[in-house]
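Reading through the structure tokens given below for one structure.
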Amino acid sequence: PISFKELNSYKNNTLNIPDKPVILTFDDGYMNNYELAYPVLKKNNIKATIFLVAGSIGKKNEWDEGQEKLIDYNQIKEMSGNNIEFGIHSFNHSNFSKMTIKEIESDLTDCISELKKNNIFFENVIAYPYGSIPEKPEDKNKLKDFLKKHNFNFGLLIKSKINKIPIKNPYFMYRINIKGS
């Protein structure tokens, strides 16, 4: 396993990575990331990335049934730097494919602001909520331009495909979805 920080260094020709790297990702920042995954990852020295819904840190997952607790700022700070990096998963966990570009930009701006205000270091990578982005090509390009302008390095979709190295389109990378059930 490698981190997105390492992948970005590889992309910039400043680091070599293994021949068959994998990046473990967890969406939403559920409490079980802290209680169950983190101890195992830490014990085995395995890197992973947790994507945070900035407007819901320390609350519950209102976008589903609202019953699952989410990690809080103290837990994020505890995990940070122990092979765990954090990325952005939006402010409200809204589906980007159903939003205008202006709404997406506002959501991401709020997300960045919230994390910085609370001194949470995050890698410049986003896992799109629901793995979705706008469908119109011009909106995809506007999203990509926004991400570039704000120094994002990667954007992640959910498609059961594997990315090949070197990454051809870092703002529309694939991930394999493994559900909790």
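When 138, 123, 114 are checked against the criterion of being acidic (Asp, Glu) and under 17 Å from residue 49 (Cβ atoms), a single residue qualifies: 123.
Close contacts from the range 63-74, counting a first residue that is closer than 13 Å to residue 50 by Cα and modelled with pLDDT of 95 or more and a second that is open to solvent by less than 100 Å² (accessible area, probe 1.4 Å) and assigned to a strand (DSSP E or B), with Cβ to Cβ under 7 Å and a gap of 6+ residues or different chains, come to 70/28; 70/30; 70/60. Of all residues in the range 113-132, those satisfying the criterion of being open to solvent by less than 50 Å² (accessible area, probe 1.4 Å), under 14 Å from the mean Cα position of the chain (by Cα) and within 24 Å of residue 64 (Cβ to Cβ) are 115, 120, 122, 125, 126, 127, 128, 129, 131, 132. Taking the range 147-160 as the range and being hydrophobic (A, V, I, L, M, F, W, C) and open to solvent by 20 Å² or more (accessible area, probe 1.4 Å) as the test, only 158 passes. Name the pairs whose Cβ atoms lie under 9 Å apart, with the first residue in the range 90-110 and over 11 Å from residue 132 (Cβ atoms) and in contact (Cβ under 8 Å) with a residue 12 or more places away in the chain, the second aromatic (Phe, Trp, Tyr) and open to solvent by 70 Å² or more (accessible area, probe 1.4 Å), and 6 or more positions between them or separate chains? Within 9 Å, the pairs are 93/130.
Only one entry of 167, 178, 84 meets the criterion of being under 30 Å from residue 15 (Cα atoms), free of Cβ contacts under 8 Å to residues at least 24 places away in the same chain and β-branched (Val, Ile, Thr), and that entry is 178.
The values are calculated or read from the model by the stated rules, or taken from the named source; none is laboratory data. Quick caveat: nothing in here was measured; it's all calculated off a predicted structure. Glycine also receives a Cβ, built like all others from the backbone with ideal geometry; neighbour counts cover every protein chain displayed. The accessibility values were calculated without ligands, DNA or RNA, using every heavy atom of the protein model including side chains. Shrake-Rupley method; radii C 1.70, N 1.55, O 1.52, S 1.80 Å.
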